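Novice: What follows is a structure written as C-alpha coordinates; I'll ask about it next.
The values are calculated or read from the model by the stated rules, or taken from the named source; none is laboratory data. In this text the structure is predicted, and so the values were computed from the model without any measurement. Here the Cβ positions follow ideal geometry from the backbone for every residue, glycine too, while neighbour counts run over all protein chains shown. Protein only, heavy atoms only, side chains kept; ligands, DNA and RNA dropped before computing areas. Shrake-Rupley method; radii C 1.70, N 1.55, O 1.52, S 1.80 Å.
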Amino acid sequence: MTDAMVSEIAQREAASLLPTYSRQQVEFVTGEGPWLVDAQGRRYLDFLSGLSVTALGHAHPEVAEAVATQARRLVHVSNLYYTAGQVELAERLKDLLGWPDGRAFFANSGAEANEAAIKLARRHGLAQRDGKVNVVSLEGSFHGRLLGPLLLTGNPAKHVPFQPLGEWVTHVPFDDPAALEAAVDEDTCAVWVEVVQGEGGVRPVPEAVLRAARAACDRVGALLVADEVQTGIGRLGAWFGWQTTGSRGAQDALEPDVVCLAKGLAGGLPIGAILAHGEAARAFRPGDHATTFGGGPVICAAALAVLGIIERDGLVDAAAKWGAALAESLDELIATHDLAAGRRGLGLLQALVLAEPLAAEVTAAALAEGLVVNNVVPDAVRLAPPLTIGRAEVDEAITRLSRALAHVANTIQTKEGASR
Ligand SMILES: Cc1ncc(COP(=O)(O)O)c(C=O)c1O
(Lines give C-alpha, C1' and ligand atoms only; values in the text may rest on other atoms or scores of the structure.)
Protein backbone atom coordinates (compact mmCIF):
# COMPACT_ATOMS: atom_id res chain seq x y z
CA MET A 1 0.00 0.00 0.00
CA THR A 2 1.14 3.51 -0.61
CA ASP A 3 1.59 5.83 2.34
CA ALA A 4 -1.27 7.93 0.99
CA MET A 5 -3.68 4.98 0.95
CA VAL A 6 -2.70 3.98 4.49
CA SER A 7 -3.07 7.50 5.76
CA GLU A 8 -6.48 7.83 4.09
CA ILE A 9 -7.87 4.70 5.78
CA ALA A 10 -6.20 5.70 9.07
CA GLN A 11 -7.96 9.07 8.96
CA ARG A 12 -11.34 7.60 8.11
CA GLU A 13 -10.93 5.00 10.85
CA ALA A 14 -10.00 7.65 13.41
CA ALA A 15 -13.20 9.50 12.54
CA SER A 16 -15.43 6.43 12.77
CA LEU A 17 -14.06 3.73 15.12
CA LEU A 18 -13.47 3.88 18.83
CA PRO A 19 -9.71 4.07 19.27
CA THR A 20 -9.04 0.64 20.81
CA TYR A 21 -6.47 -0.68 18.30
CA SER A 22 -2.97 0.35 17.25
CA ARG A 23 -2.67 -0.78 13.64
CA GLN A 24 0.33 -1.79 11.59
CA GLN A 25 0.49 0.37 8.46
CA VAL A 26 -1.11 -2.02 5.99
CA GLU A 27 -4.54 -3.17 4.86
CA PHE A 28 -4.72 -6.75 3.60
CA VAL A 29 -7.39 -7.39 1.02
CA THR A 30 -6.97 -11.04 0.02
CA GLY A 31 -5.15 -14.13 1.20
CA GLU A 32 -4.22 -17.54 -0.08
CA GLY A 33 -2.63 -20.24 2.05
CA PRO A 34 0.23 -18.66 4.03
CA TRP A 35 0.20 -15.49 1.89
CA LEU A 36 -1.58 -12.18 2.36
CA VAL A 37 -1.94 -9.56 -0.34
CA ASP A 38 -2.39 -5.81 0.15
CA ALA A 39 -4.34 -3.37 -1.97
CA GLN A 40 -1.37 -2.85 -4.29
CA GLY A 41 -0.90 -6.55 -4.88
CA ARG A 42 2.16 -6.79 -2.63
CA ARG A 43 2.50 -10.28 -1.07
CA TYR A 44 3.34 -10.96 2.57
CA LEU A 45 4.24 -14.28 4.12
CA ASP A 46 1.88 -14.64 7.08
CA PHE A 47 3.79 -16.06 10.03
CA LEU A 48 1.20 -14.90 12.52
CA SER A 49 -2.07 -16.43 11.23
CA GLY A 50 -4.18 -13.54 12.48
CA LEU A 51 -3.10 -14.05 16.05
CA SER A 52 -2.65 -17.84 15.95
CA VAL A 53 -6.04 -18.20 14.26
CA THR A 54 -5.93 -19.21 10.58
CA ALA A 55 -4.67 -22.74 11.18
CA LEU A 56 -5.09 -23.73 7.53
CA GLY A 57 -3.91 -20.43 6.10
CA HIS A 58 -6.21 -18.11 4.17
CA ALA A 59 -9.13 -18.94 1.90
CA HIS A 60 -8.86 -22.70 2.23
CA PRO A 61 -11.12 -23.93 -0.60
CA GLU A 62 -12.66 -26.79 1.36
CA VAL A 63 -13.50 -24.59 4.35
CA ALA A 64 -14.90 -21.93 2.01
CA GLU A 65 -17.03 -24.60 0.34
CA ALA A 66 -18.30 -25.98 3.67
CA VAL A 67 -19.25 -22.47 4.81
CA ALA A 68 -20.92 -21.58 1.50
CA THR A 69 -22.86 -24.86 1.35
CA GLN A 70 -24.17 -24.42 4.90
CA ALA A 71 -24.91 -20.72 4.34
CA ARG A 72 -27.06 -21.60 1.33
CA ARG A 73 -28.91 -24.20 3.41
CA LEU A 74 -29.41 -22.52 6.81
CA VAL A 75 -27.39 -19.75 8.48
CA HIS A 76 -29.03 -19.42 11.86
CA VAL A 77 -31.47 -21.01 14.22
CA SER A 78 -31.85 -20.15 17.86
CA ASN A 79 -30.41 -22.40 20.54
CA LEU A 80 -34.05 -23.06 21.41
CA TYR A 81 -33.77 -25.79 18.74
CA TYR A 82 -31.43 -28.66 17.94
CA THR A 83 -28.48 -28.10 15.59
CA ALA A 84 -26.93 -31.30 14.25
CA GLY A 85 -23.59 -29.65 13.49
CA GLN A 86 -23.24 -28.54 17.11
CA VAL A 87 -23.65 -32.10 18.34
CA GLU A 88 -21.28 -33.45 15.69
CA LEU A 89 -18.64 -30.87 16.59
CA ALA A 90 -18.95 -31.71 20.29
CA GLU A 91 -18.58 -35.41 19.46
CA ARG A 92 -15.45 -34.75 17.37
CA LEU A 93 -13.84 -32.68 20.10
CA LYS A 94 -14.67 -35.28 22.77
CA ASP A 95 -13.00 -37.92 20.59
CA LEU A 96 -9.92 -35.79 20.08
CA LEU A 97 -9.69 -35.09 23.80
CA GLY A 98 -10.29 -38.74 24.69
CA TRP A 99 -13.19 -37.69 26.92
CA PRO A 100 -16.18 -40.01 26.26
CA ASP A 101 -18.01 -38.36 29.18
CA GLY A 102 -17.10 -34.87 27.94
CA ARG A 103 -19.66 -32.11 27.33
CA ALA A 104 -19.22 -28.97 25.23
CA PHE A 105 -20.62 -25.45 25.25
CA PHE A 106 -20.09 -23.28 22.17
CA ALA A 107 -19.53 -19.54 22.36
CA ASN A 108 -18.16 -16.94 19.96
CA SER A 109 -14.64 -16.04 21.09
CA GLY A 110 -11.81 -16.97 23.40
CA ALA A 111 -12.94 -14.51 26.06
CA GLU A 112 -16.45 -15.95 25.92
CA ALA A 113 -15.06 -19.46 26.32
CA ASN A 114 -13.20 -18.33 29.44
CA GLU A 115 -16.30 -16.55 30.75
CA ALA A 116 -18.32 -19.74 30.31
CA ALA A 117 -15.62 -21.69 32.15
CA ILE A 118 -15.65 -19.17 35.01
CA LYS A 119 -19.38 -19.65 35.44
CA LEU A 120 -18.98 -23.43 35.22
CA ALA A 121 -16.23 -23.37 37.86
CA ARG A 122 -18.38 -21.22 40.17
CA ARG A 123 -21.31 -23.59 39.77
CA HIS A 124 -18.96 -26.46 40.59
CA GLY A 125 -17.55 -24.66 43.65
CA LEU A 126 -20.86 -23.40 45.00
CA ALA A 127 -22.33 -26.88 44.80
CA GLN A 128 -19.68 -27.83 47.39
CA ARG A 129 -19.90 -24.87 49.75
CA ASP A 130 -20.78 -21.16 50.05
CA GLY A 131 -17.93 -18.86 49.10
CA LYS A 132 -16.07 -21.41 46.98
CA VAL A 133 -15.76 -19.02 44.04
CA ASN A 134 -12.08 -18.01 44.10
CA VAL A 135 -9.72 -18.70 41.24
CA VAL A 136 -5.93 -18.96 41.17
CA SER A 137 -4.33 -17.76 37.96
CA LEU A 138 -0.78 -17.14 36.75
CA GLU A 139 1.13 -13.89 36.39
CA GLY A 140 1.74 -13.13 32.72
CA SER A 141 -1.37 -15.00 31.64
CA PHE A 142 -3.96 -13.74 29.17
CA HIS A 143 -7.57 -14.93 29.13
CA GLY A 144 -9.50 -12.26 27.23
CA ARG A 145 -11.09 -8.84 27.60
CA LEU A 146 -14.52 -9.52 29.11
CA LEU A 147 -14.57 -8.49 32.76
CA GLY A 148 -14.22 -12.01 34.19
CA PRO A 149 -11.41 -13.15 31.86
CA LEU A 150 -9.78 -9.73 32.28
CA LEU A 151 -9.52 -10.25 36.03
CA LEU A 152 -8.04 -13.72 35.43
CA THR A 153 -5.46 -12.14 33.12
CA GLY A 154 -2.19 -11.81 35.00
CA ASN A 155 -1.30 -8.36 33.74
CA PRO A 156 -2.26 -5.66 36.30
CA ALA A 157 -1.82 -2.82 33.78
CA LYS A 158 -4.81 -4.20 31.85
CA HIS A 159 -6.97 -4.11 35.02
CA VAL A 160 -6.22 -0.56 36.09
CA PRO A 161 -8.55 1.37 33.75
CA PHE A 162 -11.52 -0.80 34.73
CA GLN A 163 -11.20 -1.27 38.45
CA PRO A 164 -12.78 -2.46 40.62
CA LEU A 165 -13.10 -5.87 38.98
CA GLY A 166 -13.76 -7.89 42.13
CA GLU A 167 -11.53 -9.84 44.45
CA TRP A 168 -11.98 -13.45 43.51
CA VAL A 169 -8.69 -14.03 41.69
CA THR A 170 -5.21 -14.59 43.19
CA HIS A 171 -2.27 -14.38 40.82
CA VAL A 172 0.90 -16.35 41.49
CA PRO A 173 4.24 -16.32 39.64
CA PHE A 174 4.03 -18.44 36.50
CA ASP A 175 7.10 -20.47 37.45
CA ASP A 176 6.64 -21.13 41.18
CA PRO A 177 4.89 -24.43 42.03
CA ALA A 178 5.11 -23.80 45.79
CA ALA A 179 3.42 -20.39 45.50
CA LEU A 180 0.61 -21.97 43.50
CA GLU A 181 0.17 -24.78 46.03
CA ALA A 182 0.02 -22.22 48.84
CA ALA A 183 -2.55 -20.03 47.08
CA VAL A 184 -5.10 -22.81 46.60
CA ASP A 185 -7.45 -23.30 49.54
CA GLU A 186 -10.94 -24.56 50.34
CA ASP A 187 -12.49 -21.44 48.76
CA THR A 188 -10.78 -22.11 45.42
CA CYS A 189 -13.15 -23.35 42.73
CA ALA A 190 -10.57 -23.45 39.92
CA VAL A 191 -6.97 -22.97 38.86
CA TRP A 192 -6.44 -21.42 35.42
CA VAL A 193 -3.40 -22.25 33.28
CA GLU A 194 -2.06 -21.92 29.75
CA VAL A 195 0.49 -24.55 28.75
CA VAL A 196 2.38 -21.86 26.88
CA GLN A 197 1.48 -18.26 27.72
CA GLY A 198 0.83 -16.86 24.26
CA GLU A 199 0.09 -13.17 24.80
CA GLY A 200 2.41 -13.20 27.83
CA GLY A 201 5.34 -13.54 25.43
CA VAL A 202 5.19 -17.20 24.28
CA ARG A 203 6.42 -18.46 27.65
CA PRO A 204 6.07 -22.21 28.29
CA VAL A 205 4.71 -22.75 31.81
CA PRO A 206 7.01 -25.17 33.65
CA GLU A 207 5.55 -28.64 33.91
CA ALA A 208 6.17 -28.57 37.68
CA VAL A 209 3.69 -25.68 37.91
CA LEU A 210 1.09 -27.54 35.84
CA ARG A 211 1.57 -30.61 38.04
CA ALA A 212 1.27 -28.49 41.20
CA ALA A 213 -1.95 -27.04 39.79
CA ARG A 214 -3.39 -30.52 39.18
CA ALA A 215 -2.41 -31.70 42.65
CA ALA A 216 -3.78 -28.58 44.36
CA CYS A 217 -7.09 -28.89 42.50
CA ASP A 218 -7.38 -32.53 43.53
CA ARG A 219 -6.59 -31.61 47.14
CA VAL A 220 -9.48 -29.11 47.47
CA GLY A 221 -11.96 -30.35 44.85
CA ALA A 222 -11.30 -27.47 42.45
CA LEU A 223 -11.27 -27.62 38.64
CA LEU A 224 -8.11 -27.38 36.58
CA VAL A 225 -8.98 -25.20 33.59
CA ALA A 226 -6.57 -25.19 30.64
CA ASP A 227 -7.02 -22.13 28.49
CA GLU A 228 -6.09 -23.63 25.13
CA VAL A 229 -7.48 -20.76 23.10
CA GLN A 230 -4.05 -20.15 21.59
CA THR A 231 -2.32 -23.50 22.16
CA GLY A 232 -5.11 -25.86 21.10
CA ILE A 233 -6.03 -27.37 17.71
CA GLY A 234 -2.57 -28.57 16.79
CA ARG A 235 -0.52 -25.42 17.27
CA LEU A 236 1.97 -26.93 19.73
CA GLY A 237 2.37 -30.13 17.70
CA ALA A 238 -0.35 -31.96 19.65
CA TRP A 239 -4.10 -31.55 19.31
CA PHE A 240 -4.15 -29.83 22.72
CA GLY A 241 -1.26 -28.23 24.55
CA TRP A 242 -1.70 -30.31 27.67
CA GLN A 243 -0.97 -33.41 25.59
CA THR A 244 2.63 -32.19 25.26
CA THR A 245 3.14 -32.66 29.02
CA GLY A 246 4.14 -35.89 30.73
CA SER A 247 7.65 -35.99 29.29
CA ARG A 248 6.16 -34.67 26.07
CA GLY A 249 3.55 -37.12 24.92
CA ALA A 250 3.96 -39.95 27.44
CA GLN A 251 1.06 -41.72 29.16
CA ASP A 252 1.13 -39.43 32.16
CA ALA A 253 0.10 -36.25 30.31
CA LEU A 254 -1.49 -33.79 32.66
CA GLU A 255 -5.20 -33.77 32.20
CA PRO A 256 -7.31 -30.70 32.94
CA ASP A 257 -11.01 -30.85 33.89
CA VAL A 258 -11.99 -28.14 31.44
CA VAL A 259 -10.41 -26.81 28.23
CA CYS A 260 -11.19 -23.47 26.59
CA LEU A 261 -10.82 -23.33 22.81
CA ALA A 262 -11.27 -20.67 20.14
CA LYS A 263 -8.83 -19.14 17.61
CA GLY A 264 -7.82 -22.04 15.31
CA LEU A 265 -10.95 -24.10 15.81
CA ALA A 266 -12.94 -22.63 12.92
CA GLY A 267 -9.90 -21.52 10.91
CA GLY A 268 -10.67 -17.80 11.17
CA LEU A 269 -14.40 -17.60 11.78
CA PRO A 270 -15.50 -16.54 15.27
CA ILE A 271 -15.95 -19.43 17.66
CA GLY A 272 -15.28 -20.27 21.28
CA ALA A 273 -15.81 -23.54 23.09
CA ILE A 274 -15.38 -25.16 26.45
CA LEU A 275 -15.19 -28.89 26.98
CA ALA A 276 -15.59 -30.34 30.44
CA HIS A 277 -15.41 -33.91 31.64
CA GLY A 278 -15.90 -35.82 34.87
CA GLU A 279 -17.64 -33.86 37.62
CA ALA A 280 -17.08 -30.60 35.75
CA ALA A 281 -19.38 -31.83 32.98
CA ARG A 282 -22.24 -32.02 35.49
CA ALA A 283 -21.97 -28.48 36.92
CA PHE A 284 -24.31 -26.55 34.58
CA ARG A 285 -28.10 -26.74 34.67
CA PRO A 286 -30.48 -25.58 31.90
CA GLY A 287 -30.59 -21.78 31.96
CA ASP A 288 -27.16 -21.36 33.58
CA HIS A 289 -25.56 -20.12 30.38
CA ALA A 290 -26.57 -19.27 26.82
CA THR A 291 -25.64 -17.30 23.74
CA THR A 292 -27.57 -16.28 20.63
CA PHE A 293 -24.94 -17.14 18.03
CA GLY A 294 -22.80 -19.80 19.73
CA GLY A 295 -22.71 -23.14 17.93
CA GLY A 296 -24.61 -21.90 14.88
CA PRO A 297 -24.82 -24.08 11.77
CA VAL A 298 -22.28 -22.15 9.67
CA ILE A 299 -19.60 -21.92 12.33
CA CYS A 300 -19.98 -25.62 13.17
CA ALA A 301 -19.68 -26.55 9.49
CA ALA A 302 -16.49 -24.48 9.31
CA ALA A 303 -15.02 -26.06 12.45
CA LEU A 304 -15.88 -29.59 11.31
CA ALA A 305 -14.19 -28.90 7.97
CA VAL A 306 -11.10 -27.51 9.74
CA LEU A 307 -10.82 -30.50 12.09
CA GLY A 308 -11.37 -32.94 9.21
CA ILE A 309 -8.62 -31.35 7.11
CA ILE A 310 -6.15 -31.17 10.02
CA GLU A 311 -6.72 -34.87 10.68
CA ARG A 312 -6.71 -36.01 7.04
CA ASP A 313 -3.58 -34.03 6.15
CA GLY A 314 -1.66 -34.98 9.29
CA LEU A 315 -1.23 -31.33 10.24
CA VAL A 316 -0.73 -31.93 13.96
CA ASP A 317 2.38 -34.00 13.26
CA ALA A 318 3.34 -31.45 10.61
CA ALA A 319 3.14 -28.69 13.23
CA ALA A 320 5.54 -30.66 15.43
CA LYS A 321 7.91 -31.30 12.51
CA TRP A 322 7.94 -27.77 11.07
CA GLY A 323 7.90 -26.28 14.57
CA ALA A 324 11.18 -28.11 15.26
CA ALA A 325 12.57 -26.93 11.90
CA LEU A 326 11.52 -23.36 12.64
CA ALA A 327 13.13 -23.56 16.09
CA GLU A 328 16.36 -24.81 14.53
CA SER A 329 16.38 -22.01 11.98
CA LEU A 330 15.70 -19.44 14.72
CA ASP A 331 18.68 -20.85 16.61
CA GLU A 332 20.80 -20.17 13.53
CA LEU A 333 19.56 -16.58 13.50
CA ILE A 334 20.52 -16.29 17.15
CA ALA A 335 24.02 -17.50 16.30
CA THR A 336 24.42 -14.90 13.55
CA HIS A 337 22.66 -11.74 14.84
CA ASP A 338 23.70 -9.96 18.05
CA LEU A 339 20.17 -8.60 18.37
CA ALA A 340 18.67 -12.12 18.48
CA ALA A 341 19.30 -13.37 22.00
CA GLY A 342 17.14 -16.45 22.46
CA ARG A 343 14.08 -18.43 21.56
CA ARG A 344 11.16 -19.95 23.38
CA GLY A 345 7.96 -21.77 22.52
CA LEU A 346 6.71 -25.10 21.28
CA GLY A 347 5.59 -26.39 17.89
CA LEU A 348 4.39 -23.56 15.68
CA LEU A 349 4.11 -21.07 18.53
CA GLN A 350 7.59 -19.60 18.80
CA ALA A 351 9.16 -16.35 19.95
CA LEU A 352 12.49 -14.87 18.97
CA VAL A 353 13.77 -13.10 22.08
CA LEU A 354 15.75 -9.93 21.42
CA ALA A 355 18.75 -8.59 23.31
CA GLU A 356 16.96 -5.22 23.54
CA PRO A 357 13.30 -4.16 23.66
CA LEU A 358 13.14 -3.60 19.90
CA ALA A 359 10.38 -6.04 18.97
CA ALA A 360 8.17 -3.26 17.55
CA GLU A 361 11.02 -2.09 15.31
CA VAL A 362 11.78 -5.65 14.15
CA THR A 363 8.09 -6.31 13.46
CA ALA A 364 7.83 -3.13 11.36
CA ALA A 365 11.04 -4.01 9.48
CA ALA A 366 9.73 -7.53 8.87
CA LEU A 367 6.50 -6.10 7.45
CA ALA A 368 8.56 -3.95 5.11
CA GLU A 369 10.31 -7.19 4.05
CA GLY A 370 6.92 -8.80 3.39
CA LEU A 371 6.80 -10.94 6.53
CA VAL A 372 3.97 -10.77 9.08
CA VAL A 373 5.00 -11.42 12.70
CA ASN A 374 4.24 -9.49 15.88
CA ASN A 375 5.89 -7.83 18.83
CA VAL A 376 4.10 -9.92 21.43
CA VAL A 377 6.09 -8.27 24.26
CA PRO A 378 8.66 -5.45 23.97
CA ASP A 379 11.61 -7.83 23.66
CA ALA A 380 10.13 -10.78 21.76
CA VAL A 381 8.75 -11.35 18.27
CA ARG A 382 6.04 -14.01 17.94
CA LEU A 383 5.87 -16.46 15.04
CA ALA A 384 2.71 -18.52 14.68
CA PRO A 385 2.41 -19.60 11.05
CA PRO A 386 -0.41 -21.77 9.70
CA LEU A 387 -0.10 -25.51 10.31
CA THR A 388 0.16 -25.99 6.54
CA ILE A 389 3.67 -24.55 6.11
CA GLY A 390 6.68 -26.57 4.96
CA ARG A 391 10.40 -26.14 4.32
CA ALA A 392 9.98 -23.41 1.67
CA GLU A 393 7.95 -21.16 3.99
CA VAL A 394 10.26 -21.69 6.97
CA ASP A 395 13.31 -20.76 4.87
CA GLU A 396 11.60 -17.76 3.31
CA ALA A 397 10.44 -16.45 6.70
CA ILE A 398 13.90 -16.82 8.20
CA THR A 399 15.51 -15.02 5.24
CA ARG A 400 13.08 -12.11 5.61
CA LEU A 401 13.42 -12.02 9.41
CA SER A 402 17.20 -12.05 9.09
CA ARG A 403 17.02 -9.00 6.79
CA ALA A 404 14.68 -7.26 9.24
CA LEU A 405 17.07 -7.90 12.15
CA ALA A 406 20.00 -6.59 10.12
CA HIS A 407 17.99 -3.48 9.16
CA VAL A 408 17.09 -2.70 12.78
CA ALA A 409 20.65 -3.33 13.98
CA ASN A 410 22.02 -0.99 11.27
CA THR A 411 19.48 1.71 12.09
CA ILE A 412 20.38 1.56 15.77
CA GLN A 413 24.10 1.69 14.97
CA THR A 414 23.61 4.66 12.67
CA LYS A 415 21.59 6.50 15.34
CA GLU A 416 24.18 5.73 18.01
CA GLY A 417 26.95 6.90 15.67
CA ALA A 418 25.09 10.17 14.99
CA SER A 419 24.49 10.90 18.66
CA ARG A 420 28.15 10.40 19.57
C1 LIG B 1 -5.00 -17.90 25.89
C2 LIG B 1 -6.03 -16.93 25.41
N3 LIG B 1 -7.22 -16.89 26.02
C4 LIG B 1 -8.19 -16.05 25.62
C5 LIG B 1 -7.99 -15.19 24.58
C6 LIG B 1 -9.08 -14.25 24.15
O7 LIG B 1 -9.61 -14.64 22.94
P8 LIG B 1 -10.55 -13.64 22.09
O9 LIG B 1 -9.68 -12.52 21.63
O10 LIG B 1 -11.08 -14.51 20.98
O11 LIG B 1 -11.62 -13.18 23.00
C12 LIG B 1 -6.75 -15.18 23.91
C13 LIG B 1 -6.51 -14.25 22.80
O14 LIG B 1 -5.40 -13.96 22.44
C15 LIG B 1 -5.75 -16.08 24.34
O16 LIG B 1 -4.55 -16.12 23.75
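Novice: Please state, as a whole number in µm²/s, the translational diffusion coefficient that the Stokes-Einstein equation yields for region 339-420 at 37 °C and 0.692 mPa s, with Rh defined as the Kirkwood radius across alpha carbon pairs.
Specialist: It comes out at roughly 252 µm²/s.
Novice: Roughly to the nearest percent, how much of the accessible area of region 141-268 is carbon and sulfur, given a 1.4 Å probe?
Specialist: 53 percent
Novice: Run the paramagnetic zone check for residue 399: 7 angstrom along Cα to Cβ, then residues of region 26-53 with backbone nitrogen under 16 Å.
Specialist: 35, 43-47
Novice: Between 0 and 90 degrees, rounded to the nearest ten: what's the tilt of helix 391-419 against the longest Cα principal axis of the chain?
Specialist: 60 degrees
Novice: Using amide H atoms built 1.01 Å from N in the peptide plane, name the residues 5+ places from residue 197, or on other chains, whose amide H lies under 5 Å from its own.
Specialist: Here 203, 205 satisfy the definition.
Novice: Output the 0 to 90 degree angle, nearest 10, between the alpha-carbon long axis of helix 61-73 and the longest principal axis computed from the alpha carbons of the chain.
Specialist: The angle comes out at about 50 degrees.
Novice: Then there is this: Using the Kirkwood formula on the Cα atoms of region 120-223, what hydrodynamic radius do you get, in angstrom to one decimal?
Specialist: With all distinct Cα pairs of region 120-223 included, I get 13.7 Å.
Novice: Whole number please: convex hull volume per residue of the Cα set in region 18-81, in Å³?
Specialist: 168 Å³
Novice: How much of the accessible area of region 5-69, probe 1.4 Å, is carbon plus sulfur, in whole percent?
Specialist: 56 percent
Novice: Could you list the GluC sites (Glu not before Pro) in region 177-264 that lie in coil according to DSSP, counting only those with at most 10 other Cβ atoms within 10 Å of their Cβ?
Specialist: none
Novice: Give me the Kirkwood hydrodynamic radius of region 59-100, using the inverse of the mean 1/r over all pairs of distinct Cα atoms, in Å to one decimal.
Specialist: So the Kirkwood estimate lands at 12.1 Å.
Novice: If you don't mind, another one. For residue 59 and residue 84 in the same chain, what is the full-extension length gain: residue separation times 0.36 nm, less their Cα-Cα distance, in nm?
Specialist: Extending this stretch completely gives an extra 6.5 nm.
Novice: If you don't mind, another one. Suppose the chain between residue 162 and residue 218 were pulled fully straight at 0.36 nm per residue; how much longer would it get relative to their current alpha carbon spacing?
Specialist: Between residue 162 and residue 218, full extension yields an extra 16.8 nm.
Novice: How large, in percent, is the carbon and sulfur part of the accessible surface of region 275-412 at a probe radius of 1.4 Å?
Specialist: Its accessible area is 52 percent carbon and sulfur atoms.
Novice: Which is the longest stretch in the chain that no exposed loop site breaks, taking sites as chymotrypsin sites (Phe, Trp or Tyr not before Pro) with a DSSP loop state and at most 14 other Cβ atoms within 10 Å?
Specialist: It works out to 83-420.
Novice: Right, next: Quick check: Cα centre of region 86-114 to Cα centre of region 280-296, how many Å?
Specialist: Answer, in whole Å: 11.
Novice: Could you work out the helix-only [θ] at 222 nm for the chain, with each DSSP H run of four or more residues adding -39,500 (n - 2.57) and the total divided by the number of residues, to the nearest 500 deg cm²/dmol?
Specialist: The helix contribution divided over the chain gives -13500 deg cm²/dmol.
Novice: OK, next. If the label point is 7 Å along Cα→Cβ of residue 355, which residues in region 317-344 have backbone nitrogen under 18 Å from it?
Specialist: Zone members listed by number: 330-344.
Novice: List the lysines whose Cα sits under 30 Å from the Cα of residue 263, skipping any in the same chain fewer than 8 residues away.
Specialist: 94, 119, 158, 321
Novice: Which of the three applies to region 11-149, rounded, prolate or oblate, going by the alpha-carbon gyration tensor with a ≥ b ≥ c and a/c under 1.5 meaning rounded?
Specialist: The shape class here is oblate.
Novice: Further, regarding this structure: Just the accessible area per residue of the chain, please: how many Å² with a 1.4 Å probe?
Specialist: Ligands and nucleic acids excluded, the result is 44 Å² per residue.
Novice: Nearest 20 debye, what's the magnitude of the dipole of the chain about its Cα centre given +1 on Lys and Arg Cβ and -1 on Asp and Glu Cβ?
Specialist: That gives the chain a dipole magnitude of about 640 debye.
Novice: To continue, here is another question. So what J values fall out for region 164-171 if you push phi through Karplus, 6.51 cos²θ - 1.76 cosθ + 1.60 with θ = phi - 60°, rounded to Hz, Gly and Pro as x?
Specialist: x, 10, x, 10, 9, 10, 10, 9
Novice: Work out how much length residue 129 to residue 415 would gain on full extension: take 0.36 nm times their residue separation and subtract the Cα-Cα distance, in nm to one decimal.
Specialist: That works out to 96.7 nm of additional length.
Novice: Give me the orientation-averaged projected area of the Cα convex hull of the chain, in nm², one decimal.
Specialist: For the Cα atoms of the chain, the hull's average projected area reads 22.1 nm².
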